[in-house]
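The values are calculated or read from the model by the stated rules, or taken from the named source; none is laboratory data. Since this is a predicted model, take the numbers as computed values, not measurements. With ideal geometry, Cβ positions are generated from the backbone for all residues, glycine too; neighbour counts draw on all protein chains shown. These accessible areas exclude ligands, DNA and RNA; they are computed on the full protein's heavy atoms, side chains included. Shrake-Rupley method; radii C 1.70, N 1.55, O 1.52, S 1.80 Å.
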Amino acid sequence: MTGAQETVVYEIVESPLGELLLVGRASGTAKGGTALASLSLPGQKGRAVVQDGWRRDPAAFEEIGRQLSSYFSGRLTRFEIEYAEGGTDFQRRVWRALEDVPYGRTTTYKEIAARVGTSAVGVRAVGTAIGRNPLLVVRPCHRVIGADGALRGYAGGLESKARLLGLEGALAP
């Protein structure tokens, strides 16, 4: 996650889901700011872990912290932040499709597969790409559900997925 011209920075932000670990690359954006590389939830499979050499930098995450606070209080429906580039070409196509799923709505793995031009056979690959999304909450993989309407596969846990969908009003009572 490091490069010759960048420093990995992190911050821990409180949320209704618990402590969120934000990881970014300083000087990783065109504006010279911090590009968000990872947002992890407590108990998440594959959660980022603070490494030696990373620097805690609350100031680098003030804006994303503000946006997260607004999201969790129901005032923000779309994040406007810069992400660090990562993943394969296929994963990036899937992740872009996730960003197009509106707040308060859900979609299915099959619908995401169709959006990225993958056949029904490719639904499993789409699910794998979604599962590797390093930016939980801000890149809304929680909005993807099973074709039968059931909550399925969320790296942050199904309880967190249900809480996020409930916050957005996307779960039927």
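Key figures
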{"read-out": "Condition met for R105 (charged (D, E, K, R) and within 16 Å of A147 (Cα to Cα))", "value": "yes"}
{"read-out": "Where a residue in segment 96-122 is over 10 Å from P140 (Cβ atoms) and its partner, wherever it lies, is open to solvent by 70 Å² or more (accessible area, probe 1.4 Å) and in a loop (DSSP other than H, G, I, E, B), with Cβ under 6 Å and at least six apart", "value": "T108/A147; K110/A147"}
{"read-out": "Residue within segment 124-147 that is touching a Gly at 6+ places or on another chain (Cβ under 6 Å) and over 20 Å from R47 (Cβ atoms) present", "value": "no"}
{"read-out": "Restricting segment 69-87 to residues that are out of contact with any helix residue (DSSP H, G or I) (no Cβ under 9 Å at 6 or more places or on another chain) and closer than 18 Å to P58 by Cβ, the residue that is modelled with the lowest pLDDT", "value": "E82"}
{"read-out": "Restricting segment 50-85 to residues that are touching a strand residue (DSSP E or B) at 6+ places or on another chain (Cβ under 8 Å) and of a type in the set (V, I, T), the residue that is surrounded by the most Cβ atoms within 10 Å (Cβ to Cβ)", "value": "I64"}
